[in-house]
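Peer 1: Please read through the structure below; I'll follow up with questions.
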Amino acid sequence: MVDETKIAELEATAREFRYHLIRMMGANKAHHFGGSLSIVELVVALYFYKMRYDPLNPAWEERDRFVMSKGHAVPTQYCALAKLGVIPFEELDNLKKLGSILQGHPNACLTPGIEACTGSLGQGLSFANGIALAARIRGLNIRVYCLLGDGELHEGQVWEAAMQSAGQKLDMLCALVDRNGLKSQGVVDEAKPLEPLALKWQAFGWHVMTVDGHNFRQICDALDAAETIKGKPTVIIAKTVKGKGVSFMEGQFQFHNAPISAEQWQEAMWLLAPKDLTR
């Protein structure tokens, strides 16, 4: 069970990540600001509270696996890998530059610590199923985590994969849904309604929990509870705010993938600048 000291540490790491996200994305270049900022607490909780992971050996066979299905939000995962020392911290400054190991979508062949090449939305859960099934065959006692966007749930392959997860009783699998309500062109549910989302997942045979996706107590408790569920996979629906932490981005779909001006960048840096920043 997570204690208050750990929660304070996680909150400090989340603040640090938001600062680095804005810093490394910079001005006058299109980036996925909104969805990267909305998942900060989820990624921090996974890497710095829950997952069994050895930064000195990111290919360790007994590690828990994390698949970033909403691959456009991988800059947040890059922050985690940099803080852990899996990739050089200075490499964050090379985001999306030609020849960099940190491209705009995950490349498992290029970047240490990345489990899957994702970004073509809807495929990550299928990949996570494969990891879980392979682990079962090999007798590996691991957990598999897969983070999806709510707009991504419009892809039919997600629900095909969801049926397979439940059909194979993959109780080592935990999906997390970034339920920020917005996609690249507007409101998710105006394009295709997802609600009642929890009941949909239940109907597909999953154990379902809903949390505040910016509340570490709720996130960590849900991740703990997921480990106790037997015979079915678990999904955590995390209610989040797109662009969380930058007031002029919050709840605005226009910042899904767009450049910001130098003035906006400076404002965001001022909003997020921590008093005592550590790597």
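The values are calculated or read from the model by the stated rules, or taken from the named source; none is laboratory data. Nothing here was measured: the structure is a model prediction, and the numbers come from that model. Here the Cβ is made from the backbone with ideal geometry for all residues, glycine too, and neighbour counts use every protein chain on show.
Peer 1: Could you tell me whether VAL187 is modelled with pLDDT of 95 or more, surrounded by fewer than 13 Cβ atoms within 10 Å (Cβ to Cβ) and closer than 18 Å to GLY35 by Cα? Reasoning before the result, please.
Peer 2: Numbers: modelled with pLDDT of 95 or more: yes; surrounded by fewer than 13 Cβ atoms within 10 Å (Cβ to Cβ): yes; closer than 18 Å to GLY35 by Cα: yes.
Against the criterion (modelled with pLDDT of 95 or more, surrounded by fewer than 13 Cβ atoms within 10 Å (Cβ to Cβ) and closer than 18 Å to GLY35 by Cα), VAL187 qualifies.
Peer 1: Which of the residues spanning segment 38-59 are over 19 Å from ASN215 (Cα atoms) and either crowded, with 19+ Cβ neighbours inside 10 Å or touching a strand residue (DSSP E or B) at 6+ places or on another chain (Cβ under 6 Å) (or both)?
Peer 2: If the condition is that a residue be over 19 Å from ASN215 (Cα atoms) and either crowded, with 19+ Cβ neighbours inside 10 Å or touching a strand residue (DSSP E or B) at 6+ places or on another chain (Cβ under 6 Å) (or both), then TYR53 is the only one that fits.
Peer 1: Among the residues that make up segment 133-147, is at least one of them farther than 20 Å from GLU61 by Cβ and either touching a residue at least 40 places away in the same chain (Cβ under 8 Å) or not in a loop (DSSP other than H, G, I, E, B) (or both)?
Peer 2: yes
Peer 1: Could you count how many residues in segment 219-247 are more than 18 Å from the chain's Cα centre (by Cα) and among the charged types (D, E, K, R)?
Peer 2: Result for segment 219-247: 3.
Peer 1: Now for a separate question. Which residue is nearest to LYS70 (Cα to Cα), if the candidates are limited to segment 112-156 and must be among the small types (Gly, Ala, Ser) and touching a strand residue (DSSP E or B) at 6+ places or on another chain (Cβ under 6 Å)?
Peer 2: To start, the set of residues in segment 112-156 that are among the small types (Gly, Ala, Ser) comprises 113, 116, 119-120, 122, 124, 126, 128, 130, 132, 134-135, 139, 149, 151, 156.
Then keep just the ones that are touching a strand residue (DSSP E or B) at 6+ places or on another chain (Cβ under 6 Å); that gives 116, 124, 128, 132, 149, 151.
Numbers: ALA116: 11, GLY124: 8, ALA128: 13, ALA132: 19, GLY149: 6, GLY151: 9 Å.
Among them, the one singled out is GLY149.
Peer 1: Now a separate question. Somewhere in segment 206-218, is a residue in contact (Cβ under 8 Å) with a residue 40 or more places away in the chain, in a helix (DSSP H, G or I), within 19 Å of the chain's Cα centre (by Cα) and within 23 Å of TYR53 (Cβ to Cβ)?
Peer 2: The first filter runs over segment 206-218 and keeps only residues in contact (Cβ under 8 Å) with a residue 40 or more places away in the chain, leaving 206, 213-217.
Applying the additional criterion that residues be in a helix (DSSP H, G or I) yields 216-217.
Checking the rest, the ones that are also within 19 Å of the chain's Cα centre (by Cα) come to 216-217.
Next cut, within 23 Å of TYR53 (Cβ to Cβ) only: 216-217.
Within segment 206-218, one or more residues are in contact (Cβ under 8 Å) with a residue 40 or more places away in the chain, in a helix (DSSP H, G or I), within 19 Å of the chain's Cα centre (by Cα) and within 23 Å of TYR53 (Cβ to Cβ).
Peer 1: A further question follows. Can you tell me which residue is surrounded by the most Cβ atoms within 10 Å (Cβ to Cβ) among those in segment 222-250 that are more than 30 Å from LEU173 (Cα to Cα) and in contact (Cβ under 8 Å) with a residue 40 or more places away in the chain?
Peer 2: Out of the qualifying residues, it is MET249.
Peer 1: Sticking with this structure for a sec: I need every pair where a residue in segment 45-59 that is farther than 13 Å from ILE142 by Cα has its Cβ under 7 Å from the Cβ of a residue that is buried (at least 17 other Cβ atoms within 10 Å of the Cβ) and at pLDDT below 95, sequence separation at least 6 or different chains.
Peer 2: TYR49/VAL2
Peer 1: Still on this model: Looking only at segment 60-69, decide whether some residue is surrounded by fewer than 17 Cβ atoms within 10 Å (Cβ to Cβ) and free of Cβ contacts under 8 Å to residues at least 12 places away in the same chain.
Peer 2: Yes, that holds for at least one residue.
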